[in-house]
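Input: a single structure, listed below in structure tokens.
Rule-based calculations on the coordinates, nothing more; no lab input. Being a predicted model, the structure only gives us computed values, none of them experimental. For neighbour counting, all protein chains shown are included, and Cβ atoms are generated from backbone atoms with ideal geometry for every residue, glycine included.
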Amino acid sequence: MLTVSNLRTHFHTGRGIVRAVDGVSFNLARGRTLGIVGESGSGKTVLVRSLLGLLPSTAKFGGETEIGFEGRPLDIRSETALNQVRGRAIAMVFQDPMTSLNPVMTVGAQITESLRYHLGLTGGEARERAVALIDSVGIPMARQRIDQHPHQLSGGLRQRVAIAIALACEPKLLIADEPTTALDVTIQAEILDLLARQQAERDMAMILITHDLGVVAGRADDIAVMYAGRIVERAPTARLFANMRMPYTQALMNAIPRLEAPPNTPLRTIGGRPPDLVNPPPGCRFAPRCPRAESRCTDHEPPLEGGESGHRFACWYPVGEPGAA
Amino acid sequence: MAKFVTLKLLRLIGVVFAVSALTFVMVAMLPADIAYDIAGQDATPAQIEAIRAELGLDQNVLVRYGHWLMSLAQGDMGRSFRSDEPVLDAIWSRLPVTIELLVLSQVFALLLAIPAGVYCAYRAGSRFDRVLGSTGFGMISVPTFVLAIVLIYLFALRLEWLPATGYEPFSEGVWANLRTFVLPSLSIALVEWVPLMRTLRSDMIATLKEDFISMAKAKGLPAWRILTRHALRPSSFTLITILGLQIGGLIGGALIIETIFALPGIGRLLINAIYARDYMIVQGCILFIAVGYVVINFVVDMLYVALDPRIRTAGAGG
Amino acid sequence: MTARQFFSGVLGGAVLGTFLLVCAGANAEEPKRGGSITVGLETDLRGFDPIKARVLGNSAATVINVIQDRLFDVDEEGNLVAMLATGAEQEEGGTSWLITLRTDVTFHDGTPFNADAVVAHWTRILSPSYVGGIFLQPMEGIEKVDEFTVRFHLDHAWGPFAGSLATPIGFAPYIPSPRAVSDDTQNRHPVGTGPYMFKEWRSGDRFVVVANPNYWGDDGPHLDEITFRFLPDQQTRLASLQSGDIDVMWMDRGTTIRSAQKDDSLDEHDTLGNGSLIIFLLNGSKPPLDDLRVRQALSHAWDQTLAMKVFYRNTQTEITHPYGSLLDCGEAGYRAHDIEKAKQLLADYGQPVAFEMIHTTTPRGREVGQLMQQLFKRVGVTLNLKPVDQLQLRQRVFTNNYEMSGWRIGDIPDQGPQLFGLFHSKSGYNITKYRAAEMDALLEQQRLLTDAEARGELLCRIAETINRDAPILYAGGRRHYAFTRQRLKGLPALAYGLIRLGHAWVTDGK
Ligand SMILES: Nc1ncnc2c1ncn2[C@@H]1O[C@H](COP(=O)(O)OP(=O)(O)O)[C@@H](O)[C@H]1O
Ligand code: SF4
Ligand SMILES: [Mg+2]
């Protein structure tokens, strides 16, 4: 239902052109969940915000960029075109519920707003729907909560409200951009379960973004791994976990905190820092940090190509194959 | 809430006390006194001394201030030395004029500033934004009286739509009354909308970067609705502060406009009284201005509370 | 005859009833009854009780003039015109005057006008509590002779007596209702016998009067209502006149007068008065101004012609004496602008001359100071300028704490009392500290003289002495200007700077 082809989102800044998303393509089918994983700064947020036109005016899209949604092209450069899908067909949940809710509007007003605008409901109807929505995202005492302001709610409740807002108009695609990153660990799972349940109930497609491979492990049908504005590995979830080929994906894997590890084991993080997107390194962008890098890696860029059964990766010396040395 | 009001009231009394004592001393320190005004140019030094004795001006400042305070405590603000008019009457008759001028000028200023500020923030850096920015800069550097004269020339003399000067009270009809306030209020508004527009614009630009604005966009709401429903209120805190300051400054400071347009407001009363050293009137005006300031402060605080629910609950909790 | 008809009728002992109203009939058109006008005044009013309000400014005079009547009126040539009095006769060589009163007049509040009303008013005026009394010094008291006759007692025969009863400027001549005075309401709710009655006074905004249906006179009131509005800014006052918001305004600024003259929809009224809008006091008690040669040198350094252009755009004329239209004294020995003479006198004095002038902080004040400074610099005199506010200027002049200062000479029917005040060595008002036995003698003599012609000659000699000893410098006389909308008719000459609306009417009345 969603086809993204050669998405390039570049920011024209004083420092130069920031190639935040640099040639990303993928497809997403109805009812499926795509997990997008990558370190902070790899372009996940810019990618999804591009789809909804939620970027500042310094963002420019590449000429070959084409987006299709439900069989029709979607012009992401046009506010009018975007407003046809925003809120109705595609909805979004943001990372930080502390900042994504309007502090001066009641919870109810923020939910009923889209109901009234898109569905033309009257005040009373919208309010009833809002109560039902709040109830359905697991907030107790919905009738009281509806008249409260965001600052009167905890972070977890706020994110539930944000989800309720996103679900209000029954979207076909829900984008959740790190919906649990800002939340207390104890409630992260609850929120993710809520999203999964709603997705199943409403038969929505979902893009679930995270920097933590562990989060998407049981919840996504497919996983795309992003690095420096590009997708570097892509596979059905089970496949990926069974056979990860990119050294970067593996590094991400190793960075997942493990419950079975003895306490005080230092987390294995990836050495080095993500590259400067104004002047990305030549060849493979991961090369400066890659333990398997060879001279070929810096000379030639590896294409995103396939192994079997839809497993694609961009690496000259994939894990599980002997290196050049 | 009761505690809040009591606190404000106590502060008001303190402010009034300090301000009135200070003005009393300052007026007393000015060279010459009301006797020279009262006596006119055709008086002898002996007569001036006689007037001074009659009015008690030969007494010590502190004694006079004491008398004034005592009378005030009994609810008597005294009479003008000059016209013998009771101070309270003089102020009471001018207060509606001053208040109407304040309110209308700020309403006009907001009518200009809000749409302009919102639009400039929405299209920051656009041609419109830059043109408006430099227009605002130009307008703020035009002295009010020049603007006033230009407006009179255009609307009173050329187009003959509005009267050049004068004041009609509400009792003469709403339109008759409003007509006399349009040009004076515009003269003030055309200068004062600029800082309002600028603060709104810059606060709004900051607000528009907020996540909740992206959220509103993601809901598929049209731009105007996002700007007015989502962005305006959280962007208007500094605006309210500036508005409060401007109104405060205008209570006694609309002098030039009141003089040019012959509006019988507090500013003109005060300045004439200062020139004449008519300290009973001066004290009365200062008293009202001080109260006005405190009231405006209070209103501004209340507006913050109305605009920002976060303050409301904090207040309710404490 | 150098002096014009200077109260000759009165002084000859004739009955005043024979004097004709000068302004009535001057207008060929028949006045229409009805309608209303708005008058633009510069300042709010202080009040109408002479003892409480103390000073009657130009704005207030315009108003009191239609509410309260005087015993006599006086035209711009000094001719007396009967009002509430029917005759005046001098007795005992001019040391007392018998005044007979009209018998058919009632105040707006129903109080009858009679000798008691006149006596009550003048008794207050001559009491020490009335400030304006300094120029009325020779008057001793007043008594009631019968219901409609009063007698004034004087120290000595006094030329300006009749003029003092008639001058339209100042509280003294305007008779208020004795009841309003004793009830203490006169100050803010004036009651008189005039063609218009008090209706409303909104402080700082307007003063409204309505026609008096029982007016004793036969020319007026023609209007239903007159609204006086207080419009402090001269430029916007003119705009209001041009836009028709007001019907008449008084002006004294050259630029405003010139632009009003260009407007065809306005009628100009101007009248030459006497006195001087600006004079400069040279304090004779402060060195170096105590030296005659220095004062004389300064009067040659001063250039009145230039000042007329700079200050007034030539809407005022140069003067050589303060009598304006009342007396023709010729050049009166005026010291014209002459740099050489000034330098010579200063060389004679032989010391550097430097002193300070105080002037008001207004634009006019600064302009005056700067011109003076430049002119004095040309003859090597250093003038330091000290801007002060209006009241401080008065204080410094009255407390003899100044060297040079701007001042003015009022426009009144008889300059005698004013000049006596300014220049007699024993006068309480001698602010120039000028002292000369010769001047004292002349001033005393003119007081006693009642023969108009002889008195006129004496006054001219006083003017010559002023020019000789230079205690003051003149900066123009007083030409009064008012502009009206064309619908407003029946305005007499602006004698003494006063806009008199008692007979006014409008073409769009009934
Ligand atoms: N408005 C912007 N202007 C310039 N650079 C930006 C802007 N927004 C994001 N970027 C850059 O784009 C890159 C990708 O950012 P982002 O999509 O937020 O990463 P992620 O969501 O994966 O953590 C980062 O290097 C960031 O600095
Ligand atoms: S291409 Fe080379 S540098 Fe890039 S990930 Fe593979 S091995 Fe590492
Ligand atoms: Mg992100």
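If you take the Cα centroid of the stretch C:426-470 and the Cα centroid of the stretch B:222-295, the two points sit 56 Å apart. Placing +1 on the Cβ of every Lys and Arg and -1 on the Cβ of every Asp and Glu, with nothing else charged, gives the protein assembly as shown a dipole about its Cα centre of roughly 5560 debye. In percent, rounded to a whole number, the relative contact order of chain C is 23, using alpha-carbon pairs under 8 Å and six or more apart. Between B:Trp161 and B:Val291, the contour length at 0.36 nm per residue exceeds the alpha carbon distance by 43.1 nm.
Placing unit charges on each Cβ (+1 for Lys and Arg, -1 for Asp and Glu) gives the protein assembly as shown a dipole about its Cα centre, and among C:Leu80, B:Leu221, C:Ala61 the Cα reaching farthest toward its positive end belongs to B:Leu221.
Computed from the Cα positions only, the extents of the protein assembly as shown along the three principal axes stand at 144, 70, 60 Å, in decreasing order. Work out the charge dipole of the stretch B:106-190 with +1 on the Cβ of Lys and Arg and -1 on the Cβ of Asp and Glu about the Cα centre, then indicate which of B:Met139, B:Gln106, B:Val182 is farthest towards its positive end. Farthest along the dipole direction, towards plus: B:Met139. Between the C-alpha center of the stretch C:38-82 and that of the stretch A:186-215 there is a gap of 92 Å.
Rounded, prolate or oblate: which fits the stretch C:185-232 when a ≥ b ≥ c are the square roots of the eigenvalues of the alpha-carbon gyration tensor, with rounded for a/c under 1.5 and prolate only if a/b beats b/c? Oblate, because a/c is 1.5 or more while a/b does not exceed b/c. Site pair A:Ala29 and C:Thr123 shows an inter-label distance of 12.0 nm when each label is modelled 7 Å from Cα along Cα→Cβ.
Please report the antiparallel percentage of DSSP beta bridges with both residues in the protein assembly as shown, rounded to the nearest 5. Among the beta bridges of the protein assembly as shown, antiparallel pairing accounts for roughly 70 percent. The mean sequence separation of alpha-carbon pairs under 8 Å and at least six residues apart, normalised by the residue count of chain B, gives a relative contact order of 26 percent. Cross-linked pairs C:Lys286/C:Lys386; C:Lys286/C:Lys309; C:Lys343/C:Lys426: Cα-Cα separations exceed 23 Å for C:Lys286/C:Lys309; C:Lys343/C:Lys426. Shape descriptor for the stretch B:87-316: Rg over Rh equals 1.03 (Cα atoms; Rh from the Kirkwood inverse mean 1/r). Taking every DSSP beta bridge that has both ends in the stretch C:276-474, the antiparallel portion is near 45%.
Can you tell me the orientation of helix B:2-29 relative to chain B, as the angle in degrees between its alpha-carbon axis and the longest Cα principal axis, to the nearest 10? Roughly 50 degrees, rounded to the nearest 10.
Separation of the alpha carbons by more than 18 angstrom is noted, of A:Lys172/B:Lys219; C:Lys32/C:Lys489; C:Lys52/C:Lys199, for C:Lys52/C:Lys199. Where only DSSP H runs of four or more residues are counted, the protein assembly as shown gives -13000 deg cm²/dmol as its mean residue ellipticity at 222 nm, each run worth -39500 (n - 2.57). Placing +1 on each Lys and Arg Cβ and -1 on each Asp and Glu Cβ, with no other charges, gives chain C a dipole about its Cα centre of roughly 1780 debye. Using alpha carbons only, how many degrees (0 to 90, rounded to 10) separate the axis of helix A:185-202 from the longest principal axis of chain A? In chain A, helix A:185-202 runs at an angle near 80 degrees to the longest axis. Sparse packing (at most 16 other Cβ atoms within 10 Å of the Cβ) combined with a DSSP loop state is found for the following GluC sites (Glu not before Pro) in the stretch A:66-95: A:Glu70.
Classify the stretch A:185-233 as rounded, prolate or oblate from the Cα gyration tensor: take a ≥ b ≥ c as the square roots of its eigenvalues, call it rounded if a/c is under 1.5, otherwise prolate when a/b beats b/c and oblate if not. The shape class here is oblate. Summed over all non-identical Cα pairs, the Kirkwood treatment of the stretch C:276-474 gives a radius of 17.1 Å.
Its alpha carbons considered, chain C gives a radius of gyration followed by a Dmax of 23.1, 73 Å. Within the stretch C:90-104, what residues put their amide N at less than 20 Å from the label point 7 Å along the Cα-to-Cβ vector of C:Leu448? Residues C:90-97 qualify, since their backbone N sits under 20 Å from the label point.
Available extension along the chain between A:Asp299 and A:Arg197 is 32.1 nm, counting 0.36 nm per residue and deducting the alpha carbon span. At an R0 of 51 angstrom, the distance between the Cβ atoms of C:Val310 and A:Leu119 translates into a FRET efficiency of 0.05. Between helix A:107-119 and chain A there is an angle of about 90 degrees, using the helix long axis and the longest principal axis of the Cα atoms. No solvent, one uniform scatterer per C-alpha: report log10 I(q)/I(0) for the stretch B:7-75 via the Debye equation at q = 0.11 1/Å, two decimals. Normalising to I(0) and taking log10 leaves -0.37. With semi-axes defined as the square roots of five times the eigenvalues of the C-alpha gyration tensor, the equivalent ellipsoid of the stretch C:226-280 measures 21, 14, 12 Å, largest first. Put the Cα centre of the stretch A:279-299 next to the Cα centre of the stretch C:278-295 and the gap is 99 Å.
Approximating the spin labels as points 7 Å out from Cα along Cα→Cβ, the C:Arg33-to-A:Met141 distance works out to 8.3 nm.
Were the residues from C:Lys286 through C:Lys199 laid out at 0.36 nm apart, the gain over their Cα-Cα distance would be 26.2 nm. Taking 7 Å steps out from each Cα toward its Cβ at A:Ala238 and B:Val103 produces label points 7.4 nm apart. Quick one: go through the stretch B:5-38 and flag any residue whose amide nitrogen is under 16 Å from the point 7 Å out along the Cα-to-Cβ line of B:Asp76. Taking a point 7 Å out along Cα→Cβ of B:Asp76, no residue of the stretch B:5-38 has its backbone N under 16 Å. Each Lys and Arg Cβ is given +1 and each Asp and Glu Cβ -1; about its Cα centre, chain B then shows a dipole of about 1900 debye. If I take R0 = 41 Å and measure r between the Cβ atoms of B:Val142 and B:Ile13 in this structure, what FRET efficiency does the formula 1/(1 + (r/R0)^6) give, to the nearest 0.05? Rounded to the nearest 0.05, the efficiency is 0.50. Farthest toward the positive end of the dipole of chain A, out of A:Thr13, A:Ile256, A:Leu157, is the Cα of A:Thr13, where the dipole comes from beta carbon charges about the Cα centre.
For a footprinting-style exposure proxy, rank B:Val305, B:Val5 by other Cβ within 10 Å, fewest first. Working shown, then result.
Numbers: B:Val305 17, B:Val5 10.
Fewest-to-most ranking of B:Val305, B:Val5: B:Val5, B:Val305.
Can you spot the aspartates and glutamates whose alpha carbon is less than 20 Å from B:Lys217's alpha carbon? Ignore those fewer than 8 places along the same chain. Here the aspartates and glutamates satisfying the reach criterion relative to B:Lys217 are A:Asp75, A:Glu79, A:Asp96, A:Glu113, A:Glu170, A:Asp177, A:Glu178, B:Asp203.
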